[in-house]
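> I'd like to ask some things about the structure below.
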Amino acid sequence: MYAMENSEFLSSCSADTIKLAAHSLINGNLVAFPTETVYGLGADALNSSAVSRIYDVKGRPHDHPLIVHVHDLNVIDEWVREIPEYAIQLARDYWPGPMTLILNRSKIVGDFITGGQDTVGIRIPDHPIALALLNSFHEMGGVGVAAPSANRFGHVSPTSAEAVSLEIADYLGNSDMILDGGECQVGVESTIIDCTRKLPNILRPGAISGEMIEESVNLKVKDKSTRNNIRVSGILEKHYSPMSKVFLDQTPVAGQGYLALSNLETPAGVTRLASPSNVEEFARVLYQSLRRADELNLQSLVVQQPEGEGLAIAIRDRLAKAVNGR
Ligand code: TXA
Ligand code: MG
């Protein structure tokens, strides 16, 4: 256990710790917790004042919708209505997992979750600590946990408990907690799929690719409507940004940071941030590399983007936003 001034930072997630955290959520406090994608900052999704604190801690505009996290497919009926057949198929195939479904919301969902929209994002994360927390919360009478990524608005999502602490510890209260589940295995946020129309529509690319969706539901997937009237903060410009200026697909020069696949060499005087050997590892180290550039006070860094489909699309999507800078 690692003590912090303002909140508890718990690295030993015993059953008791999880219970304590679930109880804390029930009592209206915030709990940051690991998921397979990135760390989330959780609050009881039915408690408007707890959810309101998420926005304060993140410094995020109040009309940006949040994803509701649950532990089991059986409980999603509480949150949504008119689930299309293809969405049920996706849920069966890829939950728990790095996928968020946007569905028509049920009556219990407050405007403070959806930013006033008629839809709600829902996800079952694939991480033992997240699932244990959600399960315990459910046993105590909780219905779902609203959780955005546990970073300040516009910053890079945290993929370790240390990164969460650096981002938001100063804004947490004495009764809030950060659960430590080590490094996130996926490293980029979940694929967001709008399931309110005839065909699934990818709003944010992630580890569940368009190809995987088509394979599951046997329907044509619309790709990424980057500009529509649904508010997805991930599609705002200037998002996922480190302080260090990001350049793409150039040859780095002395003094710059460099993130590229391991087959590419590091020119003299360049600080290598990571050398992932494949696209999965690239996603896993992406945000931690951007953070490292800031820790090292690098003015700029170059990223040689991975080519191809699947997770590479998600990586290029986040980098395109990081390029816009703060
Ligand atoms: O992997 C993830 O999805 C992580 C982990 C913690 O689960 N969460 C995450 O949350 O990335 P957040 O809030 O940082 O990003 C969720 C995105 C936001 O851009 C939000 O606008 C969008 O999902 N979103 C949520 N509800 C929505 C809705 N009803 N319609 C459209 N977009 C929605
Ligand atoms: Mg986020």
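> Of the residues GLU237, GLU307, GLU281, which single one is at pLDDT 95 or above, of a type in the set (D, E, K, R) and assigned to a loop (DSSP other than H, G, I, E, B)?
Step by step, each of GLU237, GLU307, GLU281 is checked, and only GLU307 is at pLDDT 95 or above, of a type in the set (D, E, K, R) and assigned to a loop (DSSP other than H, G, I, E, B).
> Quick check on my filter: what residues within the range 173-193 are away from ligand 2 (no atom under 16 Å from the Cβ) and assigned to a loop (DSSP other than H, G, I, E, B)?
GLY173, ASN174, SER175, ASP176, ASP180, GLY181, GLY182, GLU183, GLN185
> Looking only at residues that are away from ligand 1 (no atom under 11 Å from the Cβ) and of a type in the set (A, V, I, L, M) in the range 135-155, which one is farthest from the chain's Cα centre (by Cα)?
MET140
> Where in the range 28-136 are the strands (runs of 3 or more DSSP E), entirely inside, with at least 1 residues that are charged (D, E, K, R) and either touching a Leu at 6+ places or on another chain (Cβ under 6 Å) or farther than 27 Å from GLY181 by Cα (or both)?
Details: elements: 31-33, 40-44, 67-69, 99-105, 119-123.
Counting at least 1 such residues, we get 40-44, 99-105.
> Go through the range 137-164 and count every residue that is part of a loop (DSSP other than H, G, I, E, B) and of a type in the set (A, V, I, L, M, F, W, C).
Total satisfying the criteria: 6.
> Output the residue which, of all residues in the range 157-172 that are crowded, with 18+ Cβ neighbours inside 10 Å and among the hydroxyl-bearing types (Ser, Thr, Tyr), is nearest to ALA283 (Cα to Cα).
In this case the residue turns out to be THR159.
> I would also like to ask the following. Condition first: within 16 Å of the chain's Cα centre (by Cα) and within 16 Å of ligand 2 (Cβ to nearest atom). Can you find one or more residues in the range 100-111 that meet it?
Filtering the range 100-111 down to residues within 16 Å of the chain's Cα centre (by Cα) leaves 100-102.
If we keep only those that are within 16 Å of ligand 2 (Cβ to nearest atom) as well, we get 100, 102.
Yes, the range 100-111 contains at least one residue that is within 16 Å of the chain's Cα centre (by Cα) and within 16 Å of ligand 2 (Cβ to nearest atom).
> Let me ask something else. Looking only at the range 282-305, count every residue that is touching a residue at least 60 places away in the same chain (Cβ under 8 Å), touching a Ser or Thr at 6+ places or on another chain (Cβ under 6 Å) and either surrounded by fewer than 24 Cβ atoms within 10 Å (Cβ to Cβ) or more than 23 Å from GLU162 (Cα to Cα) (or both) and tell me the total. Show your work before the answer.
Applying the first criterion (touching a residue at least 60 places away in the same chain (Cβ under 8 Å)) to the range 282-305 yields 283-288, 290-291.
From what is left, the residues that are touching a Ser or Thr at 6+ places or on another chain (Cβ under 6 Å) are 287-288.
So of that shortlist, the ones also either surrounded by fewer than 24 Cβ atoms within 10 Å (Cβ to Cβ) or more than 23 Å from GLU162 (Cα to Cα) (or both) come out as 288.
Adding up the residues that qualify gives 1.
> Please pick out the residue among HIS64, HIS69, HIS23 that is within 16 Å of ligand 2 (Cβ to nearest atom), farther than 17 Å from SER165 by Cβ and surrounded by fewer than 20 Cβ atoms within 10 Å (Cβ to Cβ).
Within the list HIS64, HIS69, HIS23, the selection yields HIS64.
> With ILE202, ILE208 as the choices, which residue is within 16 Å of ligand 1 (Cβ to nearest atom), at pLDDT 95 or above and outside any loop (DSSP other than H, G, I, E, B)?
Numbers: ILE208 fails: outside any loop (DSSP other than H, G, I, E, B).
Result of the check over ILE202, ILE208: ILE202.
> Which pairs do you get when a residue that is farther than 16 Å from ALA274 by Cβ, found in the range 306-326, comes within reach of a residue that is hydroxyl-bearing (Ser, Thr, Tyr) and modelled with pLDDT of 95 or more, reach meaning Cβ atoms under 8 angstrom, with the pair 6+ apart or on two chains?
Cβ pairs passing all conditions: GLU309/SER209; GLY310/SER209; ILE313/SER209; ALA314/THR191.
The values are calculated or read from the model by the stated rules, or taken from the named source; none is laboratory data. None of these values were measured; they are calculated from a predicted model. Counting neighbours? That spans all protein chains shown, and the Cβs are built from the backbone with ideal geometry, glycine included.
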